[in-house]
1. Which residues, counting only those in the range B:57-98, are closer than 14 Å to B:His273 by Cβ, open to solvent by less than 90 Å² (accessible area, probe 1.4 Å) and not hydrophobic (A, V, I, L, M, F, W, C)?
2. From the list B:Tyr158, B:Tyr165, B:Tyr181, exactly one residue is out of contact with any Pro (no Cβ under 9 Å at 6 or more places or on another chain), open to solvent by 10 Å² or more (accessible area, probe 1.4 Å) and among the aromatic types (Phe, Trp, Tyr). Which is it?
3. Got a sec? Which of A:Ile246, A:Ile215, A:Ile229 is within 30 Å of A:Thr261 (Cβ to Cβ), facing chain B (nearest Cβ under 9 Å) and touching a residue at least 60 places away in the same chain (Cβ under 8 Å)?
4. Being open to solvent by 30 Å² or more (accessible area, probe 1.4 Å), within 15 Å of the chain's Cα centre (by Cα) and not aliphatic (A, V, I, L, M) is the filter here; which residues of the range A:197-218 pass it?
5. Applying the selection to the range B:298-310, what residues are touching a residue at least 40 places away in the same chain (Cβ under 8 Å), at the interface with chain A (Cβ under 8 Å from one of its Cβ atoms) and either open to solvent by 20 Å² or more (accessible area, probe 1.4 Å) or over 9 Å from B:Val246 (Cα atoms) (or both)?
6. Does the range A:134-150 contain at least one residue that is at the interface with chain B (Cβ under 8 Å from one of its Cβ atoms) and part of a loop (DSSP other than H, G, I, E, B)?
7. Taking the stated definitions as given, is B:Phe118 under 30 Å from B:Glu228 (Cα atoms), among the aromatic types (Phe, Trp, Tyr) and open to solvent by less than 70 Å² (accessible area, probe 1.4 Å)?
Amino acid sequence: MKKLRTRKHTVVLNRSVGGDAGITIILILFGLFMFLPMYYVVIQSLKPMDEMFVYPPRFYVVKPTLKNFANLFTLMSDSWVPFSRYIFNTVLISVCGTFGNLIFASMAAYALAKIKFPGRGWIFQVVVLSLMFHSTVTGITNFLIMSYLHWVDTYFALIIPAFGSTLGLYLMKQFMESSVSDAVLESARLDGASEFYTFINIAMPMVKPAWLTLIVYSFQGLWNSGASIYIQSEQLKTFNYAISQIITGGVARAGASAASTVLMMIVPITVFIITQSNIIETMATSGMKD
Amino acid sequence: MSDKTAVAKETKRAVNRKDMTRAQWTIHEMKRNWIAYVMIAPFMIVFCMFTVVPVVLSFILSFSTFNMLEMPDFIFMDNYIRLFLDDDIFTIALQNTLIFAAITGPVSYLMSFMLAWFINELEPRVRAVVTLIFYAPNISGAVYLIWQVAFSGDTYGYVNGMLIYLGIISTPIQFFQNATYIMPLCIVVALWTSLGAAFLSFIAGLQIVDRSLYEAGAVDGVRNRWQELWYITLPSMKPQLMFGAVMAITGSFGFGGIVTALCGFPSVDYAAHTIMHHLEDYGGQRFEIGYASAIATLLFAMMIGANVLVKKILSKVGE
């Protein structure tokens, strides 16, 4: 991402003042549309009770407080399943699922991108095809498979399918193809290095942005997973599920629900801020050729 | 690895392709690259179990009466006939899904591209912040429920409060219980959360377009940024455009969860009932798996069809 076009440079090319102004206005309008709801949730979570229902609604807070967050924990400690259990579930599912996906997908991505074995073309076609439909299609029959495996109402039902998630594999494979040079791998092979050795010691260090991206995508998906048809026991349900229960609690819990939403979104957003440049770098190779 | 095996590997490599039939060559290559199959196996096993098998299984079950209790009967196309001729609610669902997908898909796609294109010329640091602002709703989980608060039916709903304050209405509107407002509102919220992988892919794609092309274009008579976009930027971004389209299509058919969260399930008068909800209704609640499988198979066919169509359209870009 070093080849950035600076403002000075573009003025030389075809740019009109009117166009620039128009674009700025559109950007500001869209920015407000995207940003205000997020901003409002954060502000709402910091408001004391008496400011929360001021009419007309305020987009600022006079006396910020963390009481809503404290209330959230009190509220949660009264629940039948301890609050910490929901957090534990979400963390466990996210971490295990992401780890498995990273290992499985990067191994497969290396083979698909760098070893010329018969069948790799159509295997990749199937992977691409799987990106083209939403997982609701497979929900019902997946339930049959889960019950056949006796995985209904276990962590496995949420963790194991994540190992085979294809978006990460796709991005990793595309990135490896363009940024790991065949010449380096070939010379390692001639020196007698095994494929596993070149994979771990040569290819993987060269594709750090791709595995960060895979981790972020996989983690975000799992972190935000809510109620699932595979899980019935309350003690196996996720943080997101618990929060959605609070949010539907209505006006009386407006403060706690805003606080919980903030807690929920803070993790993926922080992760994205840290990894943004790596993700964009990976996305540069995300293109699909026919 | 010892020298001996390395040498052995080299002699193997020297086998001449012309001496063999195609099948023999394939088998030879498979043996030589056996390690690739080992590396790909763990992923493919999980992928097949939870993606390939379910799709195939639902295709097969869609021709049966399977309901998890009785022995399934093979009834050929009856499930599909029932869907189209006997199921009024499916007709509504189909209509809603098509409207939903036809609006959110293209709009979110264009929005992703235009915004990515607009912010492309900003300072890198400013661009990073703007990217975050646009992308945040996509990754923040249940934060879209704020829209429910904003449009809630009592006077605490900000929109109702505002409208009453301004004297436009005298009683609050039950936005999420009113068939007229449900669909447009859900579409707005869906669009709000829709700047995802496609958006990031476009941002990245715009960054790597060869700069010298723009200079060459300016010399060759490209007059404004729109011509630049059409003749230079878009053609060099075709792969990203395709990836973005795939993501947008998948997303536009997958908003069922948001709709359920906002308007409940089933929604009033089935005003926001989509095929995803119909599937959930028959598969997850009534356990008519055979019938639900027919719905799932149709949904699958619709998404793949949309992808094929869009691919055709995109191949015309820049020509």
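The values are calculated or read from the model by the stated rules, or taken from the named source; none is laboratory data. What you are looking at is a predicted structure, and each value in this text was computed from that prediction instead of being measured. Note: ideal-geometry Cβ built from the backbone for every residue, glycine included; neighbour counts use all protein chains shown. SASA here: full protein model, heavy atoms, side chains in, ligands and nucleic acids out. Shrake-Rupley method; radii C 1.70, N 1.55, O 1.52, S 1.80 Å.
1. Within the range B:57-98, B:Asp87, B:Thr91, B:Asn96, B:Thr97 qualify.
2. Numbers: B:Tyr158 fails: out of contact with any Pro (no Cβ under 9 Å at 6 or more places or on another chain); B:Tyr165 fails: out of contact with any Pro (no Cβ under 9 Å at 6 or more places or on another chain).
None of the others qualify; the one that does is B:Tyr181.
3. Answer to the check: A:Ile229.
4. A:Trp211, A:Tyr217
5. B:Leu299, B:Phe300, B:Met303
6. To start, the set of residues in the range A:134-150 that are at the interface with chain B (Cβ under 8 Å from one of its Cβ atoms) comprises A:134-145.
Now restrict to residues that are part of a loop (DSSP other than H, G, I, E, B): A:134-135.
So far as the range A:134-150 goes, yes, one or more of its residues are at the interface with chain B (Cβ under 8 Å from one of its Cβ atoms) and part of a loop (DSSP other than H, G, I, E, B).
7. Taking the combined requirement at face value, the residue satisfies it.
Okay, residues lined up against (1) in contact with a helix residue (DSSP H, G or I) (Cβ under 6 Å, 6 or more places away or on another chain); (2) modelled with pLDDT of 75 or more:
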| residue | (1), (2) |
| --- | --- |
| A:Tyr39 | no, yes |
| A:Ile43 | no, yes |
| A:Pro48 | no, yes |
| A:Val54 | no, no |
| A:Lys63 | no, yes |
| A:Asn68 | yes, yes |
| A:Ser79 | no, no |
